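The values are calculated or read from the model by the stated rules, or taken from the named source; none is laboratory data. Quick caveat: nothing in here was measured; it's all calculated off a predicted structure. Counting neighbours? That spans all protein chains shown, and the Cβs are built from the backbone with ideal geometry, glycine included. Ligands, DNA and RNA are stripped out before the accessible areas are found, and what is left, the full protein with its side chains, is counted by its heavy atoms. Shrake-Rupley method; radii C 1.70, N 1.55, O 1.52, S 1.80 Å.
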Amino acid sequence: MNPPANDNPTFDDLGIAPDIILGLSDRGYRRPLEVQQAAMKPILEGQNVSLRSKTGSGKTAAFGIPLIQNLDPDEKYPQLLVLAPTRELAGQIAEDLTGIGKHRKIRVAAVYGGASIQAQIKEVKQGAHVVVGTPGRLLDLVRRKVIKPASFQAVVLDEADEMLSMGFFEDVSALMDGCTNCRQLVILSASLETDVAALIDRYASDVVRIDLSADVLSVEGIHNVYYVIGDDLPMHHYLLHVLAVEQPKSAIVFVNTRKDASLVATVMAREGLQAEMISGELPQSERERVMHAIRSGELRFLVATDVAARGIDISGLTHVINHSLPEDPAVFLHRVGRTGRVDTQGTSISLITGRRVHTLGLLERRFGIKFEERRFPPAKEMEKDRTDSKLEELIQAADVAICDGYLVQSRAILVHDQAEQIVAYLLRCHADRVHDEQRAASNRPREKPQRDRPERKRRPRPVRKNRR
Ligand code: AMP
């Protein structure tokens, strides 16, 4: 008779070796998560696996643990290849795998564009067992004969659908064609349609398909809220109002274009909010600095496009804010998956225009998401709240500032015909200075993190209305 199934197995029960378990407990992983319980055994047995599961559900360790256990640490050449669509994701996977294989002395090299190729070549040549990278840089290293694809025994394609939709089909195929000794393929993808299916057909047979209904699960533990914006005020007034009312502890603000990313980050920083952006345009070193700042809690708001933020794990974010809804409803799930990750609760807030209300209906029907509507006060009230709180902030700052030398000029301005215009100009200069201070603060050494500006005392309250 078979032993009864264990509902709550340990890593040991799943056949994970003690030195690997040690690496996991260093990272605070006590028990395997659902996706790990499902995927570990077939991957450990060397089977081809395709895996679909919720963003942030522990997929990296689900493939990382068994594949690392199957490596031979004495063979000091690349045995495992992991392909990822973005630099950030590749860096994060490499970090996770390094931690998992630490006590087995497994070396992991991360290779991606935008960073020194020489340093990466050195890392590979120093006896890396695992290479994690983006397709373009990997092909470059293959052409330079630094990496020999025939040395890989197993290949992982992470975020395969995203990778192919970004135009990497040819590159991925070229790499896979070279992996003539590859015995195992693991594909992680939100969908298994068209290109991904073609890739599986071409490179793997007898695939074990594990489907943990990625879409429906991904909104669990997340409270979804939306606000309908009007056209009485500029868009950023609505965003700033939401931030003032909701007071997120830490958030990622999603925008649809790079232009919006820099615009929104600037508007927020001018308002004295700690905000920075990442987009594909940013140099790699800058992206890494910003990612470190948000992960370590030094930075409160990250403004990002989907491509720049795809797959990144930023644990502990309390809010995801959709400055605008994505064109593709499935992307909504990837966005809100940044919060409410393993065992945490999160809130997603979407700002939508009246014409996009139907998109929410679509999300409700397709993914079972329930939205709560919160409403903006009338535009005039919002403007008054904003002016009042600005004024209060200035009064507080002026209270402690020593400006006696300017009092004579100040009196002259107040009685001048163009007093309003001059004060408006001074306020703009003040906002620019606040922005500059924010930028300078973010470039300061990390041990001196920027503190938030004083909380405003008066906060506008939202008018709440439950849709159901
Ligand atoms: P991923 O889906 O790979 O991005 O993982 C999401 C988060 O889950 C990461 O912060 C991991 O460090 C964390 N994680 C993965 N496996 C476990 C585990 N067994 N126990 C606790 N946390 C985990």
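Bins of 10 Å, beginning at zero and ending with the bin holding the largest distance: percent of Cα pairs per bin for the stretch 76-149, please.
Distribution as computed: 22, 60, 18, 0 percent.
Of ASN322, LEU33, GLY405, which is farthest along the charge dipole of the chain in the positive direction, counting Lys and Arg as +1 and Asp and Glu as -1 at C-beta?
After comparing all options, I get GLY405.
Enumerate the calculated ³J(HN,Hα) couplings along the stretch 397-411 in order (Karplus 6.51 cos²θ - 1.76 cosθ + 1.60, θ = phi - 60°), each rounded to whole Hz, writing x wherever the residue is Gly or Pro.
Rounded to whole hertz, the list is 5, 5, 4, 9, 7, 9, 10, 3, x, 9, 4, 5, 4, 4, 5.
Averaging over every viewing direction, what projected area does the convex hull of the Cα atoms of the chain cover, in nm²?
That works out to 26.9 nm², a quarter of the Cα hull's surface.
Bin width 5 Å, alpha-carbon pairs only: give the P(r) of the stretch 222-380 as whole percents, running from 0 to the bin holding the largest distance.
In whole percents, the pair-distance histogram is 2, 9, 19, 24, 22, 15, 7, 2, 0.
If you place +1 on the Cβ of every Lys and Arg, -1 on the Cβ of every Asp and Glu, and leave all else neutral, what size is the dipole of the stretch 222-380 about its Cα centre, to the nearest 20 Debye?
200 debye
Which angle between 0 and 90 degrees, to the nearest 10, do you get for helix 34-44 versus the longest principal axis of the chain when only C-alpha atoms count?
30 degrees
How far is helix 357-367 tilted, in degrees, relative to the longest principal axis of the Cα atoms in the chain, given as a value from 0 to 90 rounded to the nearest 10?
With both axes taken from Cα atoms, the answer is about 30 degrees.
Quantify, in whole percent, the carbon and sulfur part of the accessible surface of the stretch 242-308 (1.4 Å probe; protein heavy atoms only).
Taking all protein chains in place, the stretch 242-308 shows 54 percent carbon and sulfur surface.
Here is the link list: LYS102/LYS249; LYS145/LYS259; LYS105/LYS145; LYS59/LYS105. Which ones come out longer than 27 Å on Cα distance?
Correct reply: LYS102/LYS249; LYS145/LYS259.
Please identify the trypsin sites (Lys or Arg not before Pro) of the stretch 82-145 that satisfy two criteria: DSSP loop assignment and at most 13 other Cβ atoms within 10 Å. Which are they?
Counting only loop positions with at most 13 other Cβ atoms within 10 Å, the trypsin sites (Lys or Arg not before Pro) in the stretch 82-145 are LYS105, ARG144, LYS145.
Using alpha-carbon pairs under 8 Å, 6+ residues apart, how would you state the relative contact order of the chain in percent?
Normalised by residue count, the contact order of the chain is 15 percent.
Rounded to the nearest 500, what is the chain's calculated 222 nm mean residue ellipticity when only DSSP H runs of at least 4 contribute -39500 (n - 2.57) each, over all residues?
So the helix-based figure for the chain works out to -13500 deg cm²/dmol.
Which GluC sites (Glu not before Pro) in the stretch 1-110 sit in a loop by DSSP (not H, G, I, E or B) and have at most 14 other Cβ atoms within 10 Å of their own Cβ?
Taking the stretch 1-110 and a limit of 14 other Cβ atoms within 10 Å, the loop GluC sites (Glu not before Pro) found are GLU45, GLU75.
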